[in-house]
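Have a look at the structure below, then the notes.
The values are calculated or read from the model by the stated rules, or taken from the named source; none is laboratory data. Given the structure is predicted, the values throughout are model-derived calculations rather than measurements. Every residue, glycine among them, receives a Cβ derived from its backbone with ideal geometry; neighbour counts consider all protein chains shown.
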Amino acid sequence: MKFWASLLIILGLSACVFTATKSPFLAKEPIEVELKELENYWVLPSNSYSVDDSGLVPPNSNGYVKVRCLIDSNGEVFDTQIIESQPEGGWDEFALRAVKSQKYLAAEKNSVKVPVYVVEEFTFEF
């Protein structure tokens, strides 16, 4: 009985560790930037990337999604939020997966690695 109780406690603690949400690393207070200013702070290492769209069904029309996100001091994306989408909700999950898959590098001008909030727009063609 004591063995099973110990095993359950260990499994419970393991589940807590493996499901813990990663927090953003902020070297400084985040600032809000326009998309056209983002290249002064953070850049993508490549112009293309792939996104796992398994389980998603695209709508039968073109669309776009504007996503606000935080790029932390490690170049990782957090705090994603849909600002606007057309058709409403149709492409949202595609855009969220795309933005969350991005990993940024600090621009030369951003040696301090200032974290930023930015709104990115994703355009989808059916």
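General observations
- Residues of the range 54-82 satisfying the condition of being at pLDDT below 95 and either in contact with a helix residue (DSSP H, G or I) (Cβ under 6 Å, 6 or more places away or on another chain) or of a type in the set (Val, Ile, Thr) (or both): LEU56, VAL57
- Of the criteria (1) in contact with a Leu (Cβ under 7 Å, 6 or more places away or on another chain); (2) assigned to a strand (DSSP E or B), which one PRO45 fails: (2)
- Scanning the range 102-124 for residues that are of a type in the set (D, E, K, R) and either free of Cβ contacts under 8 Å to residues at least 24 places away in the same chain or surrounded by fewer than 18 Cβ atoms within 10 Å (Cβ to Cβ) (or both) yields LYS103, GLU108, LYS109, GLU121.
- Given (1) under 27 Å from GLU125 (Cβ atoms); (2) at pLDDT 95 or above, number of the condition LYS100 does not satisfy: (2)
- Residues of the range 88-99 satisfying the condition of being exposed (fewer than 15 other Cβ atoms within 10 Å of the Cβ) and not small (Gly, Ala, Ser): GLU88
- Taken over the range 51-68, the criterion of being touching a residue at least 24 places away in the same chain (Cβ under 8 Å) and either surrounded by 19 or more Cβ atoms within 10 Å (Cβ to Cβ) or in a loop (DSSP other than H, G, I, E, B) (or both) is satisfied by VAL51, ASP52, ASP53, LEU56, PRO58, PRO59, ASN60, SER61, ASN62, GLY63, VAL65, VAL67.
- Residue match in the range 38-45 (condition: surrounded by 12 or more Cβ atoms within 10 Å (Cβ to Cβ) and within 14 Å of GLU121 (Cα to Cα)): yes
- Residue within the range 24-36 that is loosely packed, with under 10 Cβ neighbours inside 10 Å, assigned to a helix (DSSP H, G or I) and either modelled with pLDDT under 50 or not charged (D, E, K, R) (or both) present: no
- Of everything in the range 75-126 that is of a type in the set (Ser, Thr, Tyr) and assigned to a loop (DSSP other than H, G, I, E, B), the residue that is nearest to the chain's Cα centre (by Cα) is SER101.
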